[in-house]
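Q: Dumping the structure here so I can ask a few things about it.
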Amino acid sequence: MAEESIVRTSHKFVVVLKKSLETGAALNACSHMVATLVARADESLRAEMSFIDYEDADGNLHPVSGLSLIVLSAKNGDHIRNARLAAVEAEIHVVDFTESMTKDTYVEQMERTSALREGELEYWGIAMFGPRGEIDPITRKFSLWR
């Protein structure tokens, strides 16, 4: 393995989802958050995400991050809100997904979201990327998603 392709393991991805979400809603929220998390990362942070190519015996490439992506569950939206606030305060790269971001078109979703104060938002999930030592204290109270 070339030195430049060695994966750093000091960072990690974490997704926290509201435990009561149905599978389809959870997958939708997770997908939107992870895509946005990567899209909003600057070049330096994206390099820390350690995207690598696995190559099969036929020469086909299968790109993935070499880092772990842990999916956790929260009892309710308030637990997610508190974790989000802690991540923001710690300046961890974080995005969220709320109930107001569902149904209808994105225009109606944006209108619905803008009519709610932050305390009225029902958080369905957050996704974070950053140093393990900064993320772990925020997420240790959550359980693995099952």
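The values are calculated or read from the model by the stated rules, or taken from the named source; none is laboratory data. The shown structure was predicted, so the numbers you read here are calculated from the model rather than taken from an experiment. Cβ coordinates were reconstructed from backbone atoms using ideal geometry, including for glycine residues, and neighbour counts include every protein chain displayed.
Q: Applying the selection to the stretch 78-91, what residues are of a type in the set (D, E, K, R), exposed (fewer than 15 other Cβ atoms within 10 Å of the Cβ) and either at pLDDT below 95 or in a helix (DSSP H, G or I) (or both)?
A: Pass one, the stretch 78-91, residues of a type in the set (D, E, K, R): 78, 81, 84, 89, 91.
In the following step, the residues that additionally are exposed (fewer than 15 other Cβ atoms within 10 Å of the Cβ) were identified as 78, 89, 91.
Result: 78, 89.
Q: Considering each of 47, 57, 35 in turn, give the residue that is part of a loop (DSSP other than H, G, I, E, B), surrounded by fewer than 16 Cβ atoms within 10 Å (Cβ to Cβ) and among the hydrophobic types (A, V, I, L, M, F, W, C). Walk me through how you get there before you give the answer.
A: Details: 47 fails: part of a loop (DSSP other than H, G, I, E, B); 35 fails: part of a loop (DSSP other than H, G, I, E, B).
Of the residues listed, the single one that is part of a loop (DSSP other than H, G, I, E, B), surrounded by fewer than 16 Cβ atoms within 10 Å (Cβ to Cβ) and among the hydrophobic types (A, V, I, L, M, F, W, C) is 57.
Q: Can you run down the residue pairs with Cβ atoms below 9 Å, 6 or more apart or on separate chains, where the first is in the stretch 73-84 and within 13 Å of residue 95 (Cα to Cα) and the partner is in a helix (DSSP H, G or I) and acidic (Asp, Glu)?
A: 81/118
Q: List every residue pair whose Cβ atoms lie under 8 Å apart, where the two residues are 6 or more positions apart in sequence or sit on different chains, the first residue falls within the stretch 26-54 and is within 17 Å of residue 15 (Cβ to Cβ), and the second residue, located anywhere, is buried (at least 18 other Cβ atoms within 10 Å of the Cβ) and acidic (Asp, Glu).
A: 33/96
Q: Right, next: Out of (1) within 17 Å of residue 30 (Cα to Cα); (2) surrounded by 14 or more Cβ atoms within 10 Å (Cβ to Cβ), what's the single condition that is false for residue 75?
A: For residue 75, the failing item is (2).
Q: Any idea which of 100, 73 is closer than 15 Å to residue 18 by Cβ and either outside any strand (DSSP E or B) or aliphatic (A, V, I, L, M) (or both)? First the steps, then the outcome.
A: Working: 73 fails: either outside any strand (DSSP E or B) or aliphatic (A, V, I, L, M) (or both).
Selected residue: 100, the only one of 100, 73 that is closer than 15 Å to residue 18 by Cβ and either outside any strand (DSSP E or B) or aliphatic (A, V, I, L, M) (or both).
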